[in-house]
Amino acid sequence: MIVTIQPSAISGIIKAPASKSSMQRACAAALLSKGSSIIHNPGHSNDDKAAIEIIKNLGARTEMIDEKMIVDSEGILPVVDKINCSESGLSIRMFTPLASLSDKEISITGEGSLLNRPMNFFDEILPQLGVTVHSNNGKLPIKIKGPMQPGNIEIDGSLSSQFLTGLLMAYSAAGARDVSIRVNNLKSKPYIDLTLEVMKQFAMKLPENKNYKEFYFSHKNAETRQALSLQDTMIYSFTLSTYSPVLVLMRMSSPSFTNKGTFTVAPVSIVAGLSVRVAVSPLIPGSL
């Protein structure tokens, strides 16, 4: 086909596709956050579709309405005994620790090149947390059986931050108290920033980030999280302002207070100029 392009003016609005890194983390956080969550401008890549299928297999219910995805969840309640992560490296590394929160034996597999990637870190780390692991000589498929018991561990962050992302979310969901994840040679700090930002958006319990070398979950944070009640949750209305695009996350609950202001978050996690309502708690320092 031959096309001739003449000088002309260009106008209109183009919606940037959602970041796979943001979308998959949002799916995980929505699964762990009991209640209803709304993900605006959800992604539709193969990796995103794999993540959506995984959270459904782990107990979440999803519904697509217009340009948003509604996720209803009561936590990790697997409805199957096998999870397929397709060819998504992030999904296998992030969702395996989350699946280990269940006391049900779950087989985790993938497709394509994922079947040949080494997964030795599961065999090395998860048993330290009370999780039974059976792998194919460090490769997929693997079988795990929890529940995970958060403890002090040390991991290698030089190859990927994706496993750390799963551990941080799993520790948070498990109510980790007075324990640390120590990390050697973390190479992908911006992705951990993204993980922590998504956790914050969903009002998940956050660790203290000690210069990316240690992530400490304190007693205080656990007690604060337990003290949170529906009446203490405030609904804020924000106009987001940035130029780079992607995903807006929203937790829903009954509002007891409304306040307006301007809030700018990392460009990878928002849609420019979109007005949204975000539930946060005044009891959790740094929750927004």
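The values are calculated or read from the model by the stated rules, or taken from the named source; none is laboratory data. All values derive from a computational prediction rather than experimental measurement. All Cβ positions, even for glycine, are placed from backbone atoms using ideal geometry, and neighbour counts span all protein chains on display.
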Looking at Leu90, Leu58, Leu77, which one is touching a residue at least 60 places away in the same chain (Cβ under 8 Å) and of a type in the set (A, V, I, L, M, F, W, C)?
-> Leu90
Among the residues of the stretch 79-126, count how many are among the aliphatic types (A, V, I, L, M) and within 23 Å of Lys20 (Cα to Cα).
-> 10
Among the residues of the stretch 91-99, is any of a type in the set (D, E, K, R), buried (at least 17 other Cβ atoms within 10 Å of the Cβ) and touching a Ser or Thr at 6+ places or on another chain (Cβ under 8 Å)?
-> yes
Which numbered condition trips up Phe215, out of (1) farther than 19 Å from Leu90 by Cα; (2) touching a strand residue (DSSP E or B) at 6+ places or on another chain (Cβ under 8 Å); (3) assigned to a helix (DSSP H, G or I)?
-> (3)
Checking Val71 against (1) outside any loop (DSSP other than H, G, I, E, B); (2) modelled with pLDDT under 95; (3) aliphatic (A, V, I, L, M), which single condition isn't satisfied?
-> (2)
Can you give me the number of residues within the stretch 170-193 that are in contact (Cβ under 8 Å) with a residue 40 or more places away in the chain and of a type in the set (A, V, I, L, M, F, W, C)?
-> 4
Do we find that Arg61 is touching a Gly at 6+ places or on another chain (Cβ under 8 Å) and under 20 Å from Asn46 (Cα atoms) in this structure?
-> no
Of the numbered conditions (1) over 27 Å from Gly138 (Cβ atoms); (2) out of contact with any helix residue (DSSP H, G or I) (no Cβ under 7 Å at 6 or more places or on another chain), Glu53 fails exactly one; give the number of that condition.
-> (1)
Single residue of Ser36, Ser45 found to be surrounded by fewer than 17 Cβ atoms within 10 Å (Cβ to Cβ), among the hydroxyl-bearing types (Ser, Thr, Tyr) and touching a residue at least 60 places away in the same chain (Cβ under 8 Å) | Ser36
For the stretch 112-130, state whether one or more residues are surrounded by 16 or more Cβ atoms within 10 Å (Cβ to Cβ), among the β-branched types (Val, Ile, Thr) and in a helix (DSSP H, G or I).
-> yes
Long-range neighbours under 6 Å by Cβ, at least six apart or interchain, first residue within 13 Å of Glu214 (Cβ to Cβ) and at pLDDT 95 or above within the stretch 148-169, second surrounded by fewer than 20 Cβ atoms within 10 Å (Cβ to Cβ) and of a type in the set (D, E, K, R) = Glu154/Arg182
May I ask you to verify whether Ile76 is buried (at least 16 other Cβ atoms within 10 Å of the Cβ), hydrophobic (A, V, I, L, M, F, W, C), at pLDDT 95 or above and outside any loop (DSSP other than H, G, I, E, B)?
-> no
Scan the stretch 48-68 residue by residue and report those that are assigned to a loop (DSSP other than H, G, I, E, B) and either modelled with pLDDT under 95 or buried (at least 22 other Cβ atoms within 10 Å of the Cβ) (or both).
-> Leu58, Ala60, Asp66, Glu67
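Just for the stretch 145-160: of the residues that are of a type outside the set (Asp, Glu) and more than 20 Å from the chain's Cα centre (by Cα), which one is farthest from Ile181 (Cα to Cα)? Outline the logic, then answer.
Taking the stretch 145-160 and keeping what is of a type outside the set (Asp, Glu), we get 145-153, 155, 157-160.
Narrowing further to those that are more than 20 Å from the chain's Cα centre (by Cα): 145, 151-153, 158.
Details: Lys145: 21, Gly151: 8, Asn152: 6, Ile153: 5, Ser158: 15 Å.
The qualifying residue farthest from Ile181 (Cα to Cα) is Lys145.
Any idea which residue in the stretch 1-24 is nearest to Tyr191 (Cα to Cα), counting only those that are in contact (Cβ under 8 Å) with a residue 24 or more places away in the chain, assigned to a loop (DSSP other than H, G, I, E, B) and of a type outside the set (S, T, N, Q)?
Step one: filter the stretch 1-24 for residues in contact (Cβ under 8 Å) with a residue 24 or more places away in the chain, giving 15-24.
Adding the requirement that they be assigned to a loop (DSSP other than H, G, I, E, B) leaves 15-19.
Subset that is of a type outside the set (S, T, N, Q): 15-18.
Working: Lys15: 23, Ala16: 20, Pro17: 18, Ala18: 15 Å.
Top of the filtered list is Ala18.
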Taking the residues in the stretch 182-198 that are over 22 Å from Ile76 (Cα atoms) and of a type in the set (Val, Ile, Thr) as candidates, determine which candidate is surrounded by the most Cβ atoms within 10 Å (Cβ to Cβ).
-> Val183
Cβ pairs under 6 Å, 6+ apart or interchain, first in the stretch 203-220 and buried (at least 20 other Cβ atoms within 10 Å of the Cβ), second of a type in the set (Phe, Trp, Tyr) and not in a strand (DSSP E or B), ordered by first then second residue, are Phe217/Tyr171
